Amino acid sequence: MSRQEAEPLVEVQNLRVAFRHGRGKTLTEVVHGVDLRVDPGEVVALVGQSGSGKSVTARSLVGLVGAQASVTAERFTVLGQDARKFRESAFQKLRGRGIGLVLQDALTSLDPLKKVGHEVAEVLRIHRLQTRSESYETAVRTLDAVGLDRAELRAQQYSHQLSGGQRQRALIAAGIAASPRLLIADE
């Protein structure tokens, strides 16, 4: 099947994202007419200056731009579904299982009240892919697979007990734990 025939994982035409200011109706557009297509097996990079909208674009693909955002597009399909019609619950079903997201700020992206292994395993439990014990074992294996030294020990630690690089690896593990069809890495 050629690229033209394959169903894209993501296809966006004229994506625009704007944010409301306070309670007013004033919108400030921060993403202006982005066109993007990601096919199975393909790696796509968004390149631009700091503040150019790369993170907002990535977050819009998984429905995490926030309640003050207005997201519009001429075409916006994610894993074969029209995301323009999505409510939060539709994005929740896709996140983790269909689309993995690795956020850029490892210091604030991990929950300081959860042990790392439980946080990585959470996506497997939320989507009912594995039992609690199975998901924890998968989390440890995934932490090891992303190169986190002493994965069993790290799984028992809290994020503040890890270095910045270790936290980033834990975020990557959380993003890939459920073997999503699409992985978005914001950095």
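The values are calculated or read from the model by the stated rules, or taken from the named source; none is laboratory data. Only a predicted model underlies this, so the values are computations on that prediction, with no experimental measurement involved. Here Cβ is always computed from backbone atoms with ideal geometry, including for glycine, and neighbour counts include all displayed protein chains. Note: areas computed on protein heavy atoms with side chains; ligands, DNA, RNA excluded. Shrake-Rupley method; radii C 1.70, N 1.55, O 1.52, S 1.80 Å.
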Those residues of the range 10-44 which are open to solvent by 80 Å² or more (accessible area, probe 1.4 Å) and out of contact with any Ser or Thr (no Cβ under 9 Å at 6 or more places or on another chain) amount to Arg23, Lys25, Thr26, His32, Asp35, Gly41, Val43
Among the residues of the range 46-55, which ones are under 17 Å from the mean Cα position of the chain (by Cα) and closer than 19 Å to Gln13 by Cβ? Leu46, Gly53, Lys54
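Inspect the range 62-85 for any residue being more than 20 Å from Leu15 (Cα to Cα) and either out of contact with any helix residue (DSSP H, G or I) (no Cβ under 7 Å at 6 or more places or on another chain) or open to solvent by 20 Å² or more (accessible area, probe 1.4 Å) (or both) and give the result as yes or no. Spell out how you get there, then give the answer.
Taking the range 62-85 first, the residues more than 20 Å from Leu15 (Cα to Cα) are none.
No; the residues of the range 62-85 include none that is more than 20 Å from Leu15 (Cα to Cα) and either out of contact with any helix residue (DSSP H, G or I) (no Cβ under 7 Å at 6 or more places or on another chain) or open to solvent by 20 Å² or more (accessible area, probe 1.4 Å) (or both).
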Candidates Ala170, Ala178 - the one that is outside any loop (DSSP other than H, G, I, E, B), small (Gly, Ala, Ser) and in contact with a helix residue (DSSP H, G or I) (Cβ under 7 Å, 6 or more places away or on another chain): Ala170
Can you confirm whether the range 95-107 contains a residue that is touching a helix residue (DSSP H, G or I) at 6+ places or on another chain (Cβ under 7 Å), in a helix (DSSP H, G or I), within 30 Å of Gln156 (Cβ to Cβ) and small (Gly, Ala, Ser)? yes
Just checking: which of the strands (runs of 3 or more DSSP E) contained wholly in the range 21-90 hold 2 or more residues that are in contact (Cβ under 8 Å) with a residue 60 or more places away in the chain? 75-78
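Would you mind stating whether Glu7 is open to solvent by 50 Å² or more (accessible area, probe 1.4 Å), under 23 Å from Gly96 (Cα atoms), in contact with a Gly (Cβ under 8 Å, 6 or more places away or on another chain) and not hydrophobic (A, V, I, L, M, F, W, C)?
Values: open to solvent by 50 Å² or more (accessible area, probe 1.4 Å): yes; under 23 Å from Gly96 (Cα atoms): yes; in contact with a Gly (Cβ under 8 Å, 6 or more places away or on another chain): yes; not hydrophobic (A, V, I, L, M, F, W, C): yes.
So Glu7 fits the description; yes.
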Filtering the range 109-141 for residues that are surrounded by 15 or more Cβ atoms within 10 Å (Cβ to Cβ) and among the hydroxyl-bearing types (Ser, Thr, Tyr) leaves a count of 4
Output the residues belonging to the range 89-110 that are closer than 16 Å to Ala58 by Cα and charged (D, E, K, R). Arg95, Asp105
Open to solvent by 50 Å² or more (accessible area, probe 1.4 Å), in a loop (DSSP other than H, G, I, E, B) and acidic (Asp, Glu): is that true of Asp144 in this structure? no
Hits in the range 151-177 - residues which are of a type in the set (Lys, Arg) and open to solvent by less than 60 Å² (accessible area, probe 1.4 Å): Arg154, Arg167
